[in-house]
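Take a look at the structure set out below.
The values are calculated or read from the model by the stated rules, or taken from the named source; none is laboratory data. This is a predicted model, so every value here is computed, not measured. Neighbour counts run over all protein chains shown; Cβ positions are idealised from the backbone, glycine included. Just the protein is used for accessible areas: all its heavy atoms, side chains included, with ligands, DNA and RNA removed. Shrake-Rupley method; radii C 1.70, N 1.55, O 1.52, S 1.80 Å.
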Amino acid sequence: MKTAAAMAVAATETKKTAKKSWAPSIDWRLYRSVIALGAVMIVLAFLTHGTFLTPRNITNLTRQVAINGILAVGMTYVILIGGIDLSVGSVVALSGVIAGVLQVNYGLAQWAGGQAYLATLLSAGGAILVGLLCGAFNGYLITRHRIAPVIITLGMMVIARGLALIFANGAAIAPLNDNFNDLGQGYLSVMTSDVLVGAVTALVIAMNLLKKNRGASEYTGAASAAILGTIALWAFNGYRGLPIPVLIFGALGIVGIVILQRTRLGRFVLAIGGNAEAAWLAGVPIRAITFGIYIALGALAGLSGAILSARLNGALPTAGELFELDAIAAVVIGGTSLLGGIGTVRGSILGAFFIGALNNGMSLLDITEFYQKVIKGVIIILAVWFDMRQSPGGSAKRA
């Protein structure tokens, strides 16, 4: 039975921990991710003789980043509470296959006119529902039966991949409806893109600079928004406008940032990862929040599966391979501690752009996929090594 005194003590300990540990670490980690992203873009621009920094390539880069970025937003919350999800890549494949089955096997791809929009909603909704159910399965076993997240999600990774192959009969499902394909291939007009990107950039800058107790994190966030917004305006103006997947990614990123930084739920998430026992004594509903976070990540994986199938104009049961690796790498590179309790969605978004820029640049340089995997693996190890060295109290947690 929790007493008022115990709750007060736990709340005090949590506040002290936050003051001593969270704020300085978050500031430095976000600053580090900004430097890393800027450095890799400059190096790749030099190595590719300017090809990397062209409007067409930057626009394509943002579209490539969108899927991993969506996953990284959800993965941030999972890692912040001290969890992990290794199943997202397979769930992306399964969800994409379900969307393809609805489109082709059930004839939704043949719907025309106004019905085409309904077919798109049903197909994407089916994919999201499947992802949500996978996340609910993970969350239920983790919270109710206290099985290690790595074991449960590893099992789901295999199950979801197997189901994807079963439903697709081991082959690609295509073609899909043009209206549905707009989820992955469509663009907003240049004028609409300018207005939207400009408004969002100004809003993010204002949210950071108008905060009362602003510090290095807010100034870094405002500067990052200004730089990325300027690059986006230049790129979208010079090519075809804002890609639909990037629009979806941006909206989800903003929601993720606001929830984590400005709501009680966000404070609960950080408290669970920082000290689960103290959070429980303070009355934080740990099980409910953990369950909800895994459901949310599953739904985001389902949405990513729909977008990927739309982008490819077909559902591949082998799609999504190692997507979990890219998502986890984006989160860690963005400054979120694998020990939990420290991190930001903003940093994860920057980390997703770092991974995307690296993939894009290595492809432009004709580096084979085998070497790309080695390079990304080394970067992940280095990121985790730096994280462990800089985590306040990290050695104590490891012991």
Placing +1 at every Lys and Arg Cβ and -1 at every Asp and Glu Cβ, with all other atoms neutral, what dipole size does the range 221-333 have around its Cα centre, in debye to the nearest 20?
360 debye
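Compare the peptides 348-354, 260-266, 76-82, 362-368 by average per-residue count of other Cβ atoms within 10 angstrom and give them in order, highest first.
Going by the mean number of other Cβ atoms within 10 Å, highest first, we get 348-354, 76-82, 260-266, 362-368.
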What distance in nm lies between label points placed 7 Å from Cα along the C-beta direction at I151 and L129?
3.2 nm
Grab the Cα-Cα distance for A39 and K211, subtract it from 0.36 nm times how many residues apart they are, and report the gain in nm with one decimal.
59.1 nm
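How much length would be gained if the chain were fully extended between Y106 and I227, taking 0.36 nm per residue of separation minus their Cα-Cα distance, in nm to one decimal? Intermediate values should be presented prior to the final figure.
Values: separation 121, 0.36 × 121 = 43.56 nm, distance 4.55 nm.
So the chain would gain 39.0 nm between Y106 and I227.
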Counting only protein heavy atoms, what percent of the accessible surface of the range 286-399 is carbon or sulfur at a 1.4 Å probe?
68 percent
Given charges at Cβ of Lys, Arg, Asp, Glu: the chain dipole, positive-most of S193, V88, I227
I227
Springs between alpha-carbon pairs under 10 angstrom, Gaussian network model over the chain: which of W234, W280, W385 fluctuates most?
W385
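Just how large is the dipole of the chain about the Cα centre, in debye to the nearest 20, putting +1 at every Lys and Arg Cβ and -1 at every Asp and Glu Cβ?
Details: 27 positive and 14 negative charges, 289 e Å.
Dipole size: approximately 1380 debye.
Specify whether the C-alpha gyration tensor of the range 220-311 places it in the rounded, prolate or oblate class, a ≥ b ≥ c being the square roots of the eigenvalues: rounded for a/c under 1.5, otherwise prolate if a/b is larger than b/c and oblate if not. Mind dumping the intermediate values first?
Details: a/c = 4.56, a/b = 1.76, b/c = 2.59.
Verdict is oblate for the range 220-311.
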Would you work out what percent of the accessible area of the range 126-281, with all protein chains in place, is carbon or sulfur (probe 1.4 Å)?
70 percent
Say we join alpha carbon atoms closer than 10 Å with springs in a Gaussian network model of the chain; which of F46, F137, F323 then has the biggest fluctuation?
F46
Among 214-223, 151-160, 289-298, 269-278, how do they line up by average Cβ neighbours within 10 Å per residue, starting with the highest?
289-298, 269-278, 151-160, 214-223
Could the peptides 302-311, 126-135 be put in order, highest first, of the mean number of other beta-carbon atoms found within 10 Å of their residues?
302-311, 126-135
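In whole percent, what relative contact order does the range 61-201 give with Cα contacts below 8 Å and a gap of six or more residues? Show your work: numbers first, answer last.
Working: 123 pairs, mean separation 47.3, N = 141.
Averaging sequence separation for qualifying contacts and normalising by length gives 34 percent for the range 61-201.
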Let me have the relative contact order for the range 269-399, percent, based on Cα pairs under 8 Å that are six or more residues apart.
22 percent
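For the range 219-329, with every protein chain kept in place, what is the accessible area per residue (1.4 Å probe, Å²)?
Working: 4420 Å² over 111 residues.
The answer is 40 Å² per residue.
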